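A.B. asks: One structure coming up, written as C-alpha cells, with questions to follow.
The values are calculated or read from the model by the stated rules, or taken from the named source; none is laboratory data. Since this is a predicted model, take the numbers as computed values, not measurements. As a convention, Cβ positions derive from the backbone with ideal geometry for all residues, glycine included, and neighbour counts pool all protein chains shown. The area values use the complete protein model at the heavy-atom level, side chains included, leaving out ligands, DNA and RNA. Shrake-Rupley method; radii C 1.70, N 1.55, O 1.52, S 1.80 Å.
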Amino acid sequence: MSPIKYLPYFNCNSTMKQHLSFLFLMLSISINSQLTEKANQIGINHVFNDLANMGGGVVFFDYNNDGWEDLYINGGLDEDSLYKNKGDGTFEKITNIGFSITKEYNTISVVSGDVNNDGFRDLFITTWRETQGAGHYGRNLLFINNGNETFTEAGISWGLTEESFSMGASMLDYNNDGFLDIYVINYQKQSNLLTNTNGDVIGFDHECFEDFFYENNGNNTFTEKATSLGINNNGCGLAVMPTDFNQDFNQDIYVANDFGEWVTPNTLYKNNSSGQSFANVSQSTKANIGIYAMGISYADIDKDEDFDYYISNLGRNVLLKNDGGIFSDISTSAGVENTYSLDGGGLYSTSWGTAFFDVNNDTWPDLFVANGRIPAVPFIATGDQDPNYLFTNNGNNSFTQSKISVNDKDKGRGMAYSDYDKDGDIDVVVVVLKGSASANPKTTFFQNQLNPNGSDGKNWIQFNLEGKTINKDAIGAKVILTVNGEKLIQEVHGQGSHASQHSLVLHFGLANNNLVSKVEIEWSNSSKQTFTDISANKRYSIKEGETLSITANEFISKKEIKAYPNPFINYINVKNVFQKSTVKILTIDGKTLLKKVIHKNEELNVSELKSGIYLLNIYSKNQNINKLIIKK
C-alpha cells in the first residue's frame, strides 16, 4: 500500500473526529502487523492481579482431549482461569471444575504435562504466598486431570510439600524412565543492597531460595532430589528450560537467574546420562551470562542443526549462538538487544516472556518478546512505555524489529503461543498485570492473520507427538525435516518463556514448498522413525512406533472477514464469508450508500463511489467487522 498523501476534509463534530482517530489507528494496526489483538472478540477477559509486579503465567494445553488446545491463565491474587477452546475460534471460561483453591494462594506460573501417563494433561502451579497466610510462603499446587473435565489438587499426597517463593517450573524426563519430573525455580528470600559511601545503590547481594527438583517415582509420588543431583541452584530464578543443548538424547537444564551479575549467573546443567547427576557446564560453554534474566527461548536460528538460545533481561537482551556446544553473544549484530524503553532518557526496557516461532511461515524462526516495566533502583531505572516486539528473521543471523502492542504501558509478563484455531499459523497470548500504567490493562491475545483459511498463505506442517517408551507427552523428542535440501529441527520442551508454557504441537513454516522430502522423529536414542514425501498444510498426529495420521483440520467459522484491497479503485474482495452476511458501506456521518446480502466470498463492484473515505460494515450471526476504507 502506498502512503496516503492527503485526505478530503470533513466537517464533523468532535465525536466523529474521535471515531475517525480510532478507525485510523485500527487501520494502521491491521496494515503494519499480521498479529491482530482479539482477546475480547474471542472470549478472553483477563488481567493478572499481581503482588509487587511479579508473576503472570499461561499455558496452552488440551485438557479434555477434544483436539483443540485450551488456555489456562494464572490469576495471581485472584482465582486462576481456564478457557475452553470451542473449536470455532472462540473460548468459553469454565468454572467449578477444581481450581477454587487457587483463590487461597498468590499463583505465579503454570506448566502442564501428563505426570501419571493416563492420557490427560495435568497442571503444576507455582506460588509465592498464601493470600490468607499473613505473608506466609505457600506450597506449590498439582492439579491431576480426572479425565472427566474436572481436576483434583493433589500436591500434598504426591509429596510436593516444600514452601518457597517459586517463580516457575518445567517438566522433563531426566532419567528416561517414561515419567515426567519437575524442576522448580525459586526466587528471592532476603533483599540485601550494596551501596557506596553516599548511600547510592550500586549492586545487590540478595539471598535466594535454592531450586527444587522432583523426581517422579511412577507411583503417584515425587521425591525432592535437587541437592543429590547437583542442581540445587541458589540464584534468583525467573525462567528454566529443559533442552538437549548438545543433542545426546538427554534433557539438560538451562536456568535464567535475576541479579546474575551480583548473585548467581545463568546456569547450564548437562545431564550426565546416568540418571544420577548433572554437571554445571556454564563456564565451559560460555552460557554463564550474568544479567537480570527473565525468560528463555530456543530455536535453530541459522539452520546449522543445533539450538540457539535467547534470554530476556532488564536492559540488553542476549542471543547466544550455539557453535558446537560453545555459545557466543551475537545480540548486537543480530539486532535483538531491545535495550531501552520508548520513554527516552536512557530508561531501560524490561523483557519477560519470549519465544521463537515462524510467524510468517518462511522456514526461518522469528522472535517474540513480551515487555513490561518493573520499578528498579536508579542505576538501572526502567521506563513505562515498554511495548512487545516481534523480531523477524532475515535469514542471515539478523532480525528486523516491529512493535506488537495495544498499549505501550501495559505490563506484559508471561507469554505463550499455539495455533489454537488450526489455520496453519501461530497465535500469541501475553499476560498483562493489573498494576499496569495503562488506563485499562487486559491480557492480550494476538491472532495471526497469515492463513485465514489454513492454506492461503505460505505453506506449513505440524506434528503432535505421543510417546510410548518415553513419556506420554513426548517431551524431549525431536523432529527434523528435510525441506528443499535444508534441515529444520525442533524439540518438544516442557517450559521456557517466563512463567508459561507453549503448545507442544510442533509448527514448521515451509515457505513455497508443498512437500517435505523427509521427516525424522527422534523419540530417544534407541527409538527413531523416518517418513518420506509428506504433504504440507496438515497437522499430523503420531504415536511412537506407529504411522503418521492426519488430524482433522476443520478450520473455524468465526475467523475475521477480510475486505481488500484498501485503498481500492472499483472493486472490493470480501473473503472468509461462511454464512449469510450483510455488507454495508456508509459515509462517515452514517448515511448508507450500499447494502447487500451475500452468502459466500464475493467481489463487490463499487465503481460508482466517489473518491474519499467510507465506513465498511459486514455482519452475520457469528462475524462482524467495521473498518475504514478509502476510494482512490
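A.B. asks: Take the alpha carbon gyration tensor of the range 432-522, find the square roots of its eigenvalues, order them as a ≥ b ≥ c, and report rounded if a/c is under 1.5; if not, report prolate when a/b exceeds b/c, else oblate.
C.D. replies: oblate
A.B. asks: What whole-number value in cubic angstrom gives the convex hull volume per residue for the C-alpha atoms of the range 165-213?
C.D. replies: Values: hull volume 3.7 nm³, N = 49.
Per-residue hull volume (Cα only) is 75 Å³.
A.B. asks: Along its principal axes, what span do the Cα atoms of the range 241-358 show, with the longest given first and each in whole Å?
C.D. replies: 52, 34, 21
A.B. asks: Compute and list, largest first, the equivalent-ellipsoid semi-axes of the range 266-307 from the alpha carbon gyration tensor, each √(5λ) rounded to a whole angstrom. Kindly include the intermediate steps, with their values, before the conclusion.
C.D. replies: Numbers: eigenvalues 83, 57, 20 Å².
For the range 266-307, the ellipsoid semi-axes come out as 20, 17, 10 Å.
A.B. asks: If you average the alpha carbon positions of the range 362-378 and of the range 570-620, how far apart do those two centres end up, in angstrom?
C.D. replies: 39
A.B. asks: Give me the dipole magnitude in Debye, nearest 20, for the chain about the Cα centre, with unit charges on the beta carbon: positive for Lys and Arg, negative for Asp and Glu. Could you put the intermediate results ahead of the total?
C.D. replies: Working: 50 positive and 73 negative charges, 666 e Å.
With only Lys, Arg, Asp and Glu charged at Cβ, the dipole is about 3200 debye.
A.B. asks: Right, something else. What does the helix-only formula give at 222 nm for the chain: each DSSP H stretch with n ≥ 4 adding -39500 (n - 2.57), the total divided by the residues, and the result rounded to the nearest 500 deg cm²/dmol?
C.D. replies: Values: 5 runs with 35 residues, N = 632.
Estimated from H runs of four or more residues: -1500 deg cm²/dmol.
A.B. asks: Sticking with this one: Tabulate in residue order the Karplus-calculated ³J(HN,Hα) for the range 564-573, using 6.51 cos²θ - 1.76 cosθ + 1.60 with θ = phi - 60°, rounded to whole Hz; enter x for Gly and Pro.
C.D. replies: Karplus values, whole Hz, x for Gly and Pro: 7, x, 8, x, 10, 10, 10, 9, 10, 8.
A.B. asks: Another question, if that's okay. Give me the one-decimal Kirkwood hydrodynamic radius in Å for the range 355-451, with the sum taken over alpha-carbon pairs. Please list the in-between numbers first.
C.D. replies: On the way: mean 1/r = 0.0697 Å⁻¹.
Result for the range 355-451, one decimal place: 14.3 Å.
A.B. asks: If you don't mind, there's one more thing I want to ask. Quick one: P(r) of the range 474-632 from all Cα-Cα pairs, 5 Å bins, percents rounded to integers, in order of increasing distance.
C.D. replies: Cα pair-distance distribution for the range 474-632, in percent: 2, 7, 13, 13, 10, 8, 8, 9, 10, 8, 6, 3, 1, 0, 0.
A.B. asks: Out of every Cα-Cα pair in the range 231-286, what percent are more than 17 Å apart?
C.D. replies: Numbers: 519 of 1540 pairs.
Cα-Cα pairs of the range 231-286 separated by over 17 Å account for 34 percent.
A.B. asks: Straight-line reach only, C-alpha to C-alpha below 17 angstrom: list the lysines that LYS103 could link to, leaving out same-chain residues fewer than 8 apart.
C.D. replies: Filter leaves LYS93, LYS434.
A.B. asks: Which ³J(HN,Hα) values, rounded to whole Hz and listed in residue order, are derived for the range 256-263 from phi using the Karplus coefficients 6.51, -1.76 and 1.60 in 6.51 cos²θ - 1.76 cosθ + 1.60 with θ = phi - 60°, glycine and proline given as x?
C.D. replies: Per-residue couplings from phi come out as 9, 10, 6, 6, x, 5, 10, 10 Hz.
A.B. asks: Find the accessible area per residue for the range 508-554; the probe is 1.4 Å, ligands and nucleic acids are left out, and the unit is Å².
C.D. replies: On the way: 2380 Å² over 47 residues.
For the range 508-554, the solvent-accessible area averages 51 Å² per residue.
A.B. asks: Could you tell me which GluC sites (Glu not before Pro) in the range 575-630 are loop residues by DSSP with no more than 12 other beta carbons within 10 angstrom of their beta carbon?
C.D. replies: Numbers: sites: GLU602, GLU603, GLU608; in loops: GLU608.
Passing sites in the range 575-630 are GLU608.
A.B. asks: Continuing with the same structure: Counting only protein heavy atoms and a 1.4 Å probe, tell me what percentage of the range 399-450's accessible area is made up of carbon and sulfur. Could the numbers behind the result be given before it?
C.D. replies: Details: 590 of 1340 Å².
Here it works out to 44 percent.
A.B. asks: Here is a further query. Over all alpha-carbon pairs of the range 566-632, lay out the pair-distance distribution in 5 Å bins, whole %, shortest bin first.
C.D. replies: Going from the shortest bin to the longest, the percentages are 4, 17, 31, 27, 16, 5, 0.
A.B. asks: Points 7 angstrom from Cα along the Cβ direction at ASN394 and GLU92: gap in nanometres?
C.D. replies: Between ASN394 and GLU92, the simple spin-label model gives 4.8 nm.
A.B. asks: Just check the range 29-177 against the gyration tensor rule for me: Cα atoms, a ≥ b ≥ c as the square roots of the eigenvalues, rounded for a/c under 1.5, and otherwise prolate or oblate depending on whether a/b exceeds b/c.
C.D. replies: Values: a/c = 1.75, a/b = 1.25, b/c = 1.40.
Since a/c reaches 1.5 but b/c is at least a/b, the shape of the range 29-177 is classed as oblate.
A.B. asks: In whole percent, and with a 1.4 Å probe on the protein chains, what portion of the accessible area of the range 280-343 is carbon and sulfur?
C.D. replies: On the way: 990 of 2090 Å².
So the carbon and sulfur contribution to the accessible surface is 47 percent.
A.B. asks: Follow-up. Taking the Kirkwood radius as the inverse of the mean 1/r across Cα pairs, report the Rg/Rh of the range 302-405.
C.D. replies: Details: Rg = 14.0 Å, Rh = 14.1 Å.
Over the Cα atoms of the range 302-405, Rg/Rh equals 0.99.
A.B. asks: Scale the Cα Rg of the range 122-180 by the rule-of-thumb value 2.2 N^0.38 Å and send over the ratio, two decimals. Please report the intermediate quantities before stating the final value.
C.D. replies: Values: Rg = 13.2 Å, N = 59, 2.2 N^0.38 = 10.4 Å.
Taking N as the residue count of the range 122-180, the ratio is 1.27.
A.B. asks: Going out from 0 in 5 Å bins, what whole percent of all Cα-Cα distances in the range 376-502 drops into each bin?
C.D. replies: 2, 8, 12, 16, 20, 17, 11, 8, 4, 2, 0
A.B. asks: Sticking with this one: Could you pull the Rg and Dmax for the range 392-432, using just the Cα atoms, both in Å?
C.D. replies: Final numbers for Rg and Dmax: 13.1, 33 Å.
A.B. asks: Show which aspartates and glutamates lie in cross-link reach of LYS84 when reach means a straight Cα distance below 14 angstrom and same-chain residues fewer than eight apart are skipped.
C.D. replies: Candidates past the 8-residue exclusion: ASP62, ASP66, GLU69, ASP70, GLU92, GLU149, ASP421.
A.B. asks: Among the aspartates and glutamates, which fall within straight-line cross-link reach of LYS409, defined as a Cα-Cα distance under 14 Å, with same-chain neighbours fewer than 8 residues apart omitted?
C.D. replies: Cα-Cα hits under 14 Å: ASP343, ASP384, ASP386.
A.B. asks: Which FRET efficiency, nearest 0.05, do ASN40 and GLU163 yield, Cβ-Cβ r, R0 60 Å? Before the final figure, lay out each step's value.
C.D. replies: Numbers: r = 37 Å, r/R0 = 0.62.
Rounded to the nearest 0.05, the efficiency is 0.95.
A.B. asks: Rounded if a/c is under 1.5, else prolate if a/b beats b/c, else oblate: with a ≥ b ≥ c from the C-alpha gyration tensor eigenvalues square-rooted, which is the range 462-506? Walk me through the numbers before you get to the answer.
C.D. replies: Working: a/c = 2.61, a/b = 1.36, b/c = 1.92.
Verdict is oblate for the range 462-506.
A.B. asks: Determine Rg/Rh for the chain; Rg is computed over alpha-carbon atoms and Rh is the Kirkwood hydrodynamic estimate from the same atoms. Please list the in-between numbers first.
C.D. replies: Numbers: Rg = 24.7 Å, Rh = 25.3 Å.
Ratio value, two decimals: 0.98.
A.B. asks: Using alpha carbon coordinates only, what is the Rg to Rh ratio of the range 51-133, with Rh defined as the Kirkwood radius? Write out the running numbers ahead of the final one.
C.D. replies: Numbers: Rg = 13.2 Å, Rh = 13.4 Å.
Dividing the radius of gyration by the Kirkwood radius yields 0.99.
A.B. asks: Collect residues whose amide H, placed 1.01 Å from N in the peptide plane, falls under 5 Å from the amide H of ALA239; neighbours closer than 5 in sequence don't count.
C.D. replies: The answer is ALA256.
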